[in-house]
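Have a look at this one.
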Amino acid sequence: MTLYGVGLGPGEADLVTVRGKRALEHADVVYSPGRLSRSVALEHVEESKIGDLDFPMTKDEEKLRTAWKAAAAEVAPRATEGDVAFVTLGDPNVYSTFGHLRRTMAAFHPEVEVEVVPGVSAMTAFATALGVEIEAGAGLSLREAADGVSPTGPDRMILFKVTDVPATHEGLVEAGYDVTYGRRLFMEQGETLVTDDPAELEERDYYTLAYAEKEDLEVESATAAFERDG
C-alpha cells in the first residue's frame with residue numbers, strides 16, 4: 001500500500017519510463033495536479049482512474065498549506081487501502097509539486113509509505129532538443145530565471161521558468177553569454193520552439209528554458225581531434 005510519486009518526463013507520453021508506466025497501471029487511483037500532467041497520464045490509464053486535486057493559483061503560504069493538507073487528507077485513505085500515484089511533469093524531486101505532498105504526508109499521515117519513480121527532466125532533455133553536448137568534466141549550473149531575472153557567474157547555465165525572455169536575454173548578453181532558448185521541449189501540448197532570437201519568445205510561457213554559455217568558452221575533449229583533423 002504505497003503512494004507513488006511518478007515523474008512523467010517533459011511531456012511526450014512515450015518518454016514516461018517503463019517503471020513509471022507500471023506504477024500508473026498498477027495504481028488504483030492516479031492523481032494529477034494539472035491539465036498537462038493529466039493529459040500525459042491519460043495516455044497510459046483510463047480516465048476513470050484519474051483523481052483530481054484542487055490547488056489554488058496563489059503565493060499565499062497559508063492558503064497553500066491548507067490546500068496541501070486537504071490534498072493529503074484525500075490521498076491518505078486511498079494509499080492505506082491500495083496503491084496510489086501522484087503524477088508530475090519532469091522528475092518528482094526536481095522543482096516539482098510532489099515535494100509539497102510528500103512533506104505534508106510525512107507530517108500528518110506518516111503511516112503512508114511513499115516511493116518516488118524518477119522521470120526524465122526538461123533540465124536534462126534540453127541537451128538533446130537544443131543539440132548541446134555537455135562534455136565530461138564540464139561544469140553546468142541550474143538557475144531559475146522567472147520575471148526577467150538574469151543569473152550570471154558560471155560558464156554554463158540551464159535557466160528554467162524563463163517567463164520574460166527579452167529581459168533575461170538582455171542581462172545575459174551584457175554579461176557575456178551566448179544564449180539558446182527552448183520552449184515546450186518534448187511536449188505534446190503547444191508548439192515546440194528552439195531559437196536564439198528573444199523576439200520570437202516575447203509571449204510569456206512558464207515552459208521556457210535557456211542554455212547560456214560564456215562567449216569564447218573553449219573546452220575540447222580527446223575525441224574532438226577526430227573532427228578537427230578529419
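Say the dipole of the chain comes from +1 at the beta carbon of Lys and Arg and -1 at that of Asp and Glu; which of 140, 64, 162 then lies farthest toward its positive end?
64
Right, another one. What does the helix-only formula give at 222 nm for the chain: each DSSP H stretch with n ≥ 4 adding -39500 (n - 2.57), the total divided by the residues, and the result rounded to the nearest 500 deg cm²/dmol?
On the way: 7 runs with 73 residues, N = 230.
Per the formula, -9500 deg cm²/dmol.
Within 10 Å of each candidate Cβ there may be at most 10 other Cβ atoms; applying that plus a DSSP loop requirement, which trypsin sites (Lys or Arg not before Pro) in the stretch 48-134 survive?
On the way: sites: 49, 59, 63, 65, 69, 78, 102, 103; in loops: 59.
For trypsin sites (Lys or Arg not before Pro) across the stretch 48-134 that sit outside H, G, I, E and B with at most 10 neighbouring Cβ atoms in 10 Å, the list reads 59.
How much length would be gained if the chain were fully extended between residue 225 and residue 152, taking 0.36 nm per residue of separation minus their Cα-Cα distance, in nm to one decimal? Don't jump to the answer; show the numbers that get you there.
On the way: separation 73, 0.36 × 73 = 26.28 nm, distance 3.09 nm.
Extending this stretch completely gives an extra 23.2 nm.
With unit charges on the beta carbon (Lys/Arg positive, Asp/Glu negative), name the residue among 36, 207, 193 whose Cα is farthest towards the positive pole of the charge dipole of the chain.
Final value for the positive-end residue is 36.
Still on this structure, I have one more. Sequence gap at least 6, Cα distance under 8 Å: using those rules, report the relative contact order of the chain to the nearest whole percent. All intermediate terms of the calculation are to be shown ahead of the outcome.
On the way: 446 pairs, mean separation 47.3, N = 230.
That works out to 21 percent.
At a 1.4 Å probe radius, carbon and sulfur cover how many percent of the accessible area of the stretch 58-214? Write out the running numbers ahead of the final one.
Working: 3710 of 7830 Å².
It is 47 percent, rounded to a whole number.
While we're here: How far apart, in nm, are two points set 7 Å out from the Cα along the Cα-to-Cβ line at residue 43 and at residue 64?
2.9
For a quick protection proxy, order the peptides 7-15, 171-179 by their average other-Cβ count within 10 Å, most packed first.
Details: 7-15: 21.4, 171-179: 16.3.
Going from most to least packed, we get 7-15, 171-179.
For the chain, return all DSSP H helices satisfying: extent of Cα atoms along own axis at least 24 Å; mean Kyte-Doolittle hydropathy at least -1.0.
Values: long enough: 61-81 (30 Å, -0.67).
Result, helices passing both filters: 61-81.
Using a 1.4 angstrom probe, figure out how much accessible area the chain has per residue, in square angstrom, rounded to the nearest whole. Could the numbers behind the result be given before it?
Numbers: 12320 Å² over 230 residues.
That works out to 54 Å² for each residue.
When only DSSP loop residues count, what GluC sites (Glu not before Pro) in the stretch 76-142 have their Cβ near at most 15 other Cβ atoms within 10 Å? Let's see the in-between values first.
Numbers: sites: 81, 111, 113, 115, 133, 135; in loops: 111, 133, 135.
Of the GluC sites (Glu not before Pro), the ones in loops of the stretch 76-142 whose Cβ has at most 15 other Cβ atoms within 10 Å are 111, 133, 135.
The values are calculated or read from the model by the stated rules, or taken from the named source; none is laboratory data. What you are looking at is a predicted structure, and each value in this text was computed from that prediction instead of being measured. With ideal geometry, Cβ positions are generated from the backbone for all residues, glycine too; neighbour counts draw on all protein chains shown. Note: areas computed on protein heavy atoms with side chains; ligands, DNA, RNA excluded. Shrake-Rupley method; radii C 1.70, N 1.55, O 1.52, S 1.80 Å.
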